[in-house]
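Scroll down for the structure; my scribbles are underneath it.
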Amino acid sequence: MAAMLQDILLTPDNWPHVVADGQKLIKQEVSGKSGVSGTAVKLAYKTANTFASGYLQATVENLLPDMVKELEPYWTDFNASGASGFGDYLVKRGEEVAEALLSVTDARAEMSERPAILKAYRAVRGSAAKHVITALPNVGVLVEKYAA
């Protein structure tokens, strides 16, 4: 039986590396955006990045356990299926996976007491699933990096 994602990604040894890789993934995905929705994403990222020192790192740290929880059933099914490439597996279930992950950020947004961050999130939420789906191959690579 394959290890659970929490036992792979959230260990004391892996945690800081997964957080750092998650931040790099976000930065990489944001920098690759274009068009109107890409501009909105870049503006939201800039808003969050300049909000307070360490805000994005803290956000990744706070969201990671719940994101892992949402990815867990996909990881379990992926391992049982014998498929190769977790990113490809996620992409085939793109809309479903995106909404599962966005449920985490939606819940966090509902609890936010930071109007600037909430406004930035709401500005990009409508196109967020599309952007998350685009990032799924890299999410899969990140997970498999630590699962090896």
Looking only at residues in region 94-148 that are free of Cβ contacts under 8 Å to residues at least 24 places away in the same chain and in contact with a Leu (Cβ under 7 Å, 6 or more places away or on another chain), which one is nearest to residue 43 (Cα to Cα)? 109
Just to be sure before I move on: is residue 119 at pLDDT below 95, in a helix (DSSP H, G or I), surrounded by fewer than 16 Cβ atoms within 10 Å (Cβ to Cβ) and basic (Lys, Arg) in the structure I sent? yes
Helices (runs of 4 or more DSSP H) wholly inside region 1-111 containing at least 1 residues that are closer than 15 Å to residue 121 by Cα and modelled with pLDDT of 95 or more: 55-81, 94-111
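Condition check ((1) surrounded by fewer than 14 Cβ atoms within 10 Å (Cβ to Cβ); (2) in contact with an Asp or Glu (Cβ under 6 Å, 6 or more places away or on another chain)) across all residues:
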position	(1), (2)
3	yes, no
7	yes, no
19	no, yes
42	no, no
46	yes, no
62	yes, no
80	yes, no
88	yes, no
Would you mention how many residues in region 64-78 are without any contact (Cβ under 8 Å) to a residue 24 or more places away in the chain and loosely packed, with under 15 Cβ neighbours inside 10 Å? 2
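The values are calculated or read from the model by the stated rules, or taken from the named source; none is laboratory data. Remember, it's a predicted structure, so these values are computed and weren't measured experimentally. We place every Cβ from the backbone using ideal geometry, glycine too, and count neighbours over all the protein chains shown.
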